[in-house]
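Colleague: Quick one: structure below, then a few questions.
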Amino acid sequence: MRIGVPKEIKSNENRVGIVPAGVHALVADGHRVMVETTAGLGSGISDQEFKDAGAEIVPTAKDLWAKAEMVMKVKEPLPAEYPLCRPDHTLFTYFHFAAARELTDAMLKAGSACFTYETVEVDGKLPLLVPMSEVAGRMAIQVGAAYLQKANGGRGVLLGGVPGVEPGNVVILGGGVVGTNAAKMAAGLGAHVTILDINLDRLRYLDDVMPKNVTTVHSNPVNIHSRVRYADLVVGAVLVEGARAPILVPRSYLKDMKEGSVIVDVAVDQGGCCETIKPTTHADPCYVVDGVVHYGVANMPGAVPRTSTYALTNATLPFARRLARLGPVEAIKKDAQLRSAVNAWKGKITHRGVAEAFGLPFTDALSLA
Ligand SMILES: NC(=O)c1ccc[n+]([C@@H]2O[C@H](COP(=O)([O-])OP(=O)(O)OC[C@H]3O[C@@H](n4cnc5c(N)ncnc54)[C@H](O)[C@@H]3O)[C@@H](O)[C@H]2O)c1
């Protein structure tokens, strides 16, 4: 298989779809790997490192897309890339089709086999979403701690405290991947941490594995209201699959919160679990409502592209190797996990959720293979 990895062209996207170890593995599997020149620079990977791993460096995106049979990326193709997509291309990247009609139409027109990272399903879980949740959860504490500093608008609290001065209180709404990673970081700093979740089994697990400065509490309006009053930092980390995030912190709670406390609502990409959160950018991440600092960046991993690139590609590579070995037809026929990833092919929508989102017909990928 001829595999191409273009440079990402979305604004402020510094991640890249492969790392040198991935090139090495795919070349050892017998494939030819082409990387667009400077594609890795945003993640601190030079052309020479890719070359040393066995990649060919290709001068332009046009060249790369023309020569490749399979294209591995991070973000969905943008309009400048639509004309480069062909029916004989196998694309493997994040697409998030259900939120993007123009992209869906463009890929249907191109006819490419669109395998999406976000719908790869293994034992009912979505393993290619996990790495970015791990990054965002850990980052939530890092940015929360920074915005608690006075100069950044916060109340001037050091999360870990010091001997003789009590640590800060961190309240985490949702104990899934984001929440667990946030809790680990906050606990490591020495903060008092409370995780609220509606899933009792999840709370049992967290109670078992977390250190003593982490408390688990059942999530309901009474418990949430009483905990956010004392919080220095609130992390929003809930997810209800296929739905907008539930509002767990209505605006009325803010007046009871401490002046200069901070909300980092990681769930902002699903609408957020705080009523007053709105999406912000890395360039202008925060704003204040009723004395509470709000952080609502919807692509938090973008701030740490080097870590995010390695985390993402650790998870994608095993699937990419299988897809490259089998090709799209055999992958769809023989590999149920890869079949769950294919959202569009031969001009048809092959994922029920995407078809339902747009009221378009669904076609089973198996019937096209
Ligand atoms: N902003 C970003 O850059 C960024 C990056 C990664 C993930 N996210 C988002 O973070 C959110 C969490 O992702 P995740 O991977 O941790 O999901 P997850 O499915 O692993 O965890 C979600 C948790 O929320 C819990 N939950 C559901 N309803 C609840 C309620 N009413 N009260 C308390 N807990 C409740 C669930 O039981 C589950 O444990 C998602 O919206 C995801 O899209 C954002």
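Colleague: Who wins for biggest fluctuation among K212, K333, K67 in a Gaussian network model of the chain, springs between alpha carbons below 10 Å?
Modeller: Of the options given, K212 has the highest mean-square fluctuation.
Colleague: Provide the packing ranking of 349-358, 295-304, i.e. peptides ordered by the mean count of other C-beta atoms within 10 Å per residue, highest first.
Modeller: 295-304, 349-358
Colleague: Give the separation of the Cα centroids, the stretch 70-115 to the stretch 38-60, in Å.
Modeller: If we compute the Cα centre of each part, the gap is 23 Å.
Colleague: Calculate the length of the line joining the C-alpha centroid of the stretch 144-167 to that of the stretch 271-304, in whole Å.
Modeller: 19
Colleague: What 222 nm value per residue comes from the helices of the chain, counting each DSSP H run with n ≥ 4 as -39,500 (n - 2.57) and dividing by all residues, nearest 500 deg cm²/dmol?
Modeller: -10500 deg cm²/dmol
Colleague: From the phi angles alone, apply the Karplus equation (6.51, -1.76, 1.60; θ = phi - 60°) to the stretch 23-32 and give each ³J(HN,Hα) in whole Hz, x where the residue is Gly or Pro.
Modeller: 4, 4, 5, 5, 5, 4, 6, x, 9, 9
Colleague: Right, here's the next one. Summing +1 for each Lys or Arg and -1 for each Asp or Glu, what net charge is found among the other residues whose Cβ lies under 15 Å from the Cβ of V235?
Modeller: -2
Colleague: Go through the stretch 199-204 residue by residue and turn each phi into a ³J(HN,Hα) via Karplus (6.51, -1.76, 1.60, θ = phi - 60°); whole Hz please, and just put x for glycine and proline.
Modeller: So the J values, rounded to whole Hz, are 8, 5, 5, 5, 5, 4.
Colleague: By how many degrees, between 0 and 90 and to the nearest 10, does the Cα long axis of helix 221-230 differ from the longest principal axis of the chain?
Modeller: 70
Colleague: For the stretch 130-303, what are the per-bin percents of Cα-Cα distances with bins 5 Å wide, up to the bin holding the maximum?
Modeller: 2, 10, 20, 25, 23, 14, 6, 1, 0, 0
Colleague: On a 0 to 90° scale, report how tilted helix 101-110 is relative to the longest principal axis of the chain, with both axes built from alpha carbons and the result rounded to the nearest 10.
Modeller: 20
Colleague: Could you run the Karplus curve 6.51 cos²θ - 1.76 cosθ + 1.60 with θ = phi - 60° over the stretch 247-254 and give me ³J(HN,Hα) per residue in whole Hz, x for Gly and Pro?
Modeller: Whole-Hz 3J(HN,Hα) from phi for the stretch 247-254: 7, 9, 10, x, 4, 4, 6, 4.
Colleague: Lysines near K150 by alpha-carbon distance under 19 Å, same-chain residues fewer than 8 away left out - which ones?
Modeller: K258
Colleague: Something else now. Among all the aspartates and glutamates, which ones have a C-alpha under 12 Å from K125's C-alpha, if same-chain residues fewer than 8 places away are not counted?
Modeller: E241
Colleague: If we sort 150-160, 120-130, 313-323 on the protection proxy, mean other Cβ atoms within 10 Å, highest first, what's the order?
Modeller: 313-323, 150-160, 120-130
Colleague: Tilt of helix 130-147 relative to the longest C-alpha principal axis of the chain, in degrees (0 to 90, nearest 10)?
Modeller: The two axes meet at around 40 degrees.
Colleague: Additional query: Cα-Cα over 23 Å: which of K10/K109; K73/K109; K10/K184; K7/K67; K75/K109?
Modeller: K10/K184
Colleague: Full extension from Q142 to V122: what is 0.36 nm times the residue separation minus their Cα-Cα distance, to one decimal in nm?
Modeller: 4.1 nm
Colleague: From the Cα trace of the chain, what convex hull volume per residue do you get, rounded to a whole Å³?
Modeller: That works out to 146 Å³ per residue.
Colleague: Which of E102, E275, E134 moves the most in a Gaussian network model of the chain with Cα springs under 10 Å?
Modeller: Its mean-square fluctuation being the largest, the pick is E102.
Colleague: May I ask you to order 48-54, 306-312 by the average number of other C-beta atoms within 10 Å around their residues, highest value first?
Modeller: Going from most to least packed, we get 306-312, 48-54.
Just so you know, all these numbers are worked out from the coordinates, no wet-lab data involved. Everything numeric here is computed off the predicted structure, so don't read it as measured data. Every residue, glycine among them, receives a Cβ derived from its backbone with ideal geometry; neighbour counts consider all protein chains shown.
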